[in-house]
Each structure stands twice: as structure tokens, then as C-alpha cells.
1. Can you name every one of the helices (runs of 4 or more DSSP H) wholly within the range A:48-165 that holds 2 or more residues which are within 19 Å of A:Thr194 (Cα to Cα), under 18 Å from the mean Cα position of the chain (by Cα) and of a type in the set (Lys, Arg)?
2. One residue is enough: does the range A:219-231 have a residue meeting the conditions farther than 23 Å from B:Cys77 by Cα and surrounded by 19 or more Cβ atoms within 10 Å (Cβ to Cβ)?
3. Which numbered condition trips up A:Val128, out of (1) on the phi < 0 side of the Ramachandran plot; (2) crowded, with 24+ Cβ neighbours inside 10 Å; (3) more than 7 Å from chain B (Cβ to nearest Cβ)?
4. Please enumerate the residues belonging to the range A:81-98 that are open to solvent by less than 60 Å² (accessible area, probe 1.4 Å) and in contact (Cβ under 8 Å) with a residue 60 or more places away in the chain.
5. Given the criterion in contact with a Lys or Arg (Cβ under 8 Å, 6 or more places away or on another chain), touching a residue at least 12 places away in the same chain (Cβ under 8 Å) and assigned by TED's automatic domain parsing to the domain that holds A:Leu215, identify the matching residue among A:Gly154, A:Gly173.
6. So, in the range A:232-247, how many residues would count as being open to solvent by 20 Å² or more (accessible area, probe 1.4 Å) and within 11 Å of chain B (Cβ to nearest Cβ)?
7. Restricting the search to the range A:166-192, which residues are more than 7 Å from chain B (Cβ to nearest Cβ), surrounded by 24 or more Cβ atoms within 10 Å (Cβ to Cβ) and either assigned to a helix (DSSP H, G or I) or at positive phi (or both)?
8. Filter the range B:133-156 down to the residues that are within 8 Å of chain A (Cβ to nearest Cβ) and open to solvent by 10 Å² or more (accessible area, probe 1.4 Å), then identify the one that is nearest to the chain's Cα centre (by Cα).
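The values are calculated or read from the model by the stated rules, or taken from the named source; none is laboratory data. Bear in mind that the values here come from a model prediction, so they are computed numbers and not experimental data. Quick reminder, even Gly has a Cβ in these numbers, built from the backbone with ideal geometry, and neighbours come from all protein chains shown. In case anyone asks, the SASA skips ligands and DNA or RNA and just uses the protein heavy atoms, side chains included. Shrake-Rupley method; radii C 1.70, N 1.55, O 1.52, S 1.80 Å.
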Amino acid sequence: MSDMKHKELPDYLGSTLTVKCEKCKEELSERELAEHGFICPRCGGYNRMPARMRLAMLCDEDTFREMNECVESENLISFPDYDEKLAAAKAKSGERDGVVCGTARICGNPVCLFVMESKFMMGSMGTVVGDKIAALFEYAAKHSLPVVGYTVSGGARMQEGMLSLWQMAKVSGAVKKHSNAGNFYLVCCTDPTTGGVTASYAMLGDVIIAEPGALVGFAGKRVIEQVTGVKLPASFQSAEFQLGNGFLDDIVPREEQRGYIGHLLAIHRK
Amino acid sequence: MNAYEKVKCTREAGRATAKDYIDAMFDGFVEFHGDRRFGDDPALIGGVATLDGKPVTVLGIEKGRDVSEHVARNFGCVSPEGYRKALRLMKQAEKFSRPVVCIVDTQGANCGIGAEERGEGAAIAENLYEMMDLHTPVLTLMVGEGSSGGALALAVADEIWMLENAYFTVVSPEACASILYKDSARAPEAAEHLKLAAQDLIEMGIIERVIAEPRDFTDPAQCKAYMEKLRDEVAGKLHALRGKKMNTLLSDRYEKYRKIGRCAPEGAMPAPKKH
């Protein structure tokens, strides 16, 4: 276990890089984007937020303690080019795999947290992601703690074959165990939450929220367009679409999430 | 056969589909329709029957045997209401303490606008979640195609048996090839890398048994002998699973899924810390 401060937070606030807004494609400094919580100050569009920035946004100061931070993926089925992809993902994200797990307090409430990292192979779920999240739910069940999760994922990681698909069942089982013991689980779907993550722990929360405009769905939009021959509107599989179809409890703006989650943790506190 | 030859073999006409298994292995099958929420999915057949004189719930993903059946069954691509019908019947099996046999043969969950609107992801998630804790034995037979979450949604089971040429994969080899190589024609290569064949999966501990197939499914004598043998083996396994204490059955099922790809060991879990 380590304190978050042991791992250097990438210095987004001191960054001199120029980046493009994911939504309006305008150039701006990474520092400016970080200062605005990765919401574009020009267009108001939500950009993907690094996992550790989310933790900093959500957790009470200096309360996050990371778990299983040293676990790393291996090329378990000798999939071609996977070793290189892992090395590139580590360099790009500064993380060892696609999820950060640990304990913290939010508005004074103790909580177990997992936050997926989009910069690590677009949050794809392999054995490390699945196993760390399952272990977190087991830990939370053992200590009667709630779980708050942030998802961002392209789905199961195909480079680990069936071992990845298995994680959907494994994590769902761990969520069930945690739930059977009367513990609270809140999940926030961020852009994009798709495939095997949608078809498992992203849709199993007692409370399921999403960020405005986030893509939340199962099958890929382009694949559906190919299969059906229908051009789908931009709103298809948006958080607003999911809210309208009854699959989300609410859409919560980024700046309100800490207070919203803190309030619900207090209501469910044991 | 190499991996992709097996994949192609599962798509050939004449191979036994879920309905053939239900007809040949079970007695007195009564089909139940609908999810009691939205509709009835013809891609998923469910109902009750007896197997070797004992009641069972049977669920099968049916893709149809000719073009008109393929269309009527939506090519075995299950919609949310199909998964919800399956879950409804599994909960009914739990209530009446009868085991569940799932027969899986699907190229994947239904990929469509309505399926997304009605929560394909949520429906699959709920099946995984509930099946992991279903208080009755579950045995899954993978008899042909088994692609992705759409197949997994009926494969959280105490045991998974797979036909020697069936496949079970995280992503179809064609989709994998088009993502990796931008060329779906390279599916044969992708199929090798994905380790989707029964022999690969038994080595990984994902499935429990590989079942020998008849050389020719269209030969009535061969097919009859094959089905009778399989029926006896399934009946024997269900008998053994029924003999397990419920707590043992459920903890063994949990551990079977828990241990695959285990890398965040409990020893690495931190002690609770006061904040």
C-alpha cells in the first residue's frame, strides 16, 4: 500500500504542452484544460480526465491509499504485439494498467474507489483490471465499505482472449457478494463506457450516474450502423439517451459529483 | 482442423442447433415465451422438460437451420428481452429447485438500435450477476458459436462443456482482424491468436470438458448415438451437482471464475487503515 503522494501526480497544472480539445478541436494549453477540470473553457465539452486527477477531485485531501498498485499485465496468451502495446500504454498513461483502486474518504465518508484510466489502452479490461476491481469489492465486502467506481472503457481487452471475457463474470460475482451483504455501490459512467464493461459492472450499481454527453452503450455505434444500414444521430448511446431509456439514475456534472456522491455515501453510511 | 476451420465448421448447415439438442436429449419439453417486460425473443428458446426422469429448465440460443429460420430467429443473436426471459426462467428453476441446462450457439448478442434502447449491456450484466449466485446447479453446453458477452450471458455455470469444434471467444475473429489489421480477411490469423478453441480453453481452466462430435451430424444413426451418450453424461453430471451442498456449489462456482487470471492476490491487499 502506498499514499498517492508517493506516486508523482503528472504535473498537468505545470504542463507546458499544447493539446486539442476532444470536442471542439480548438488548441489550448494542457495546464488551462487541467485548471478547468478537463472541461474545455471554450466549448464546455467534457474531455477525458486522467484517473489520478479524478481521485484528486473526489477524495478528501490526503486520504487516498492505493491498493494493488504494483500488479502488472503479462502477455498471457502470447498475443502478437501485446508486449509493445503494454509498454506504450504505460509510457502514455504513467500507470501500470487500466485501473487505479484504493480506499479514501469523500466528504468524510469512508469508501473504496476504482477509477479507470482512458490513457491505458482506452481503459480496456484485461485480467489486471478485472482482478483489481474484484479484489476491491471483496475487500469492501469484508470491511462493510461502499464502493464508488468510475468507468471508461472500450470493452474487454482482446489481447488477453477469453481471460478478459472472464473478468466480466468475475467482477459481476464480486459485486453480487458485496451487494448481498447490504453494501452500497455507486458507479459513474464516463466517456466512453462500452462493450464488456457496460455489460457487467458499469450497469450493476445501486446508483448509476453518468457525465453529461458521455457515450454509454454496448455494441459499437459504427458496427450498428454497418449492420442496420441506418445512420445514427449523435445522441445515440449518449448519457442523455440512456437516462431517457431508464438505465441511469441521473446525469451529474463533473463539478457536482463530489458533493452528490458524498451525500449518497452519507445516506447509505452504516 | 486449425482454429478458423473450426469457426467455419460451426457455421455450416446441417450441424445440430439448440433445438435439435432439446428434441433429442430431453423429454416432455414445454416452451415458455416472453420476458414479462417487453416481448418474446425467438433467438432464445426456454422451458421445462425432464432429463432422465428428473425436471430441468432448458435454455437454448437457436439460430435456425435454414434461411427462413435464420431470419425468424435473428441468426441466434439474442436481444435484451431474450436474456431477460432466460433470467426469468432461471429464477423459476431456482424457486422449484431444478437444475438449468444452457445450450449456447451464438455469433454474438443482437447488434441493433432497439437492443441498445432496451439495454443490451444491462441485460447481460444482470444475467452474469444473478447466475453467479443462482441457488441451483447450472451446466452450459457450448455446441457451436460462442462470441463475446452474448454467449457469456448464459455461461456463468458450475461446468461448461464444449464440443470439440465449438469456439468461445472474447471477440469474433473477423472483428478482431478488422480492428488489428484493418482487414477482416485476416480472420484466420486472429482466430489462432485468440485461443478460442475448446482445447485451448480447457488448458486455461475456462471449461471443464471437451465433447467428441459425431463425424457427420446429418447421419441419423451417428447423431442419435451421440445425443444419447451426451444425455446420459449430462444427467450424470446434474445428479452429482445436485448432491453438493448449496454453499459448496455456490462457493465453487464463484472460485472457478475468481481464480482465472488472478493477479491481485489477497496477500497484496492492505490492512484496513484509519484515515
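1. Output list is empty.
2. Checked the range A:219-231: no residue is farther than 23 Å from B:Cys77 by Cα and surrounded by 19 or more Cβ atoms within 10 Å (Cβ to Cβ).
3. For A:Val128, the failing item is (3).
4. Once the filter is applied, which keeps residues that are open to solvent by less than 60 Å² (accessible area, probe 1.4 Å) and in contact (Cβ under 8 Å) with a residue 60 or more places away in the chain, the range A:81-98 yields A:Tyr82, A:Gly94.
5. It is A:Gly173.
6. Selection size over the range A:232-247: 6.
7. A:Val171, A:Ala174, A:His178
8. The residue in question is B:Ser148.
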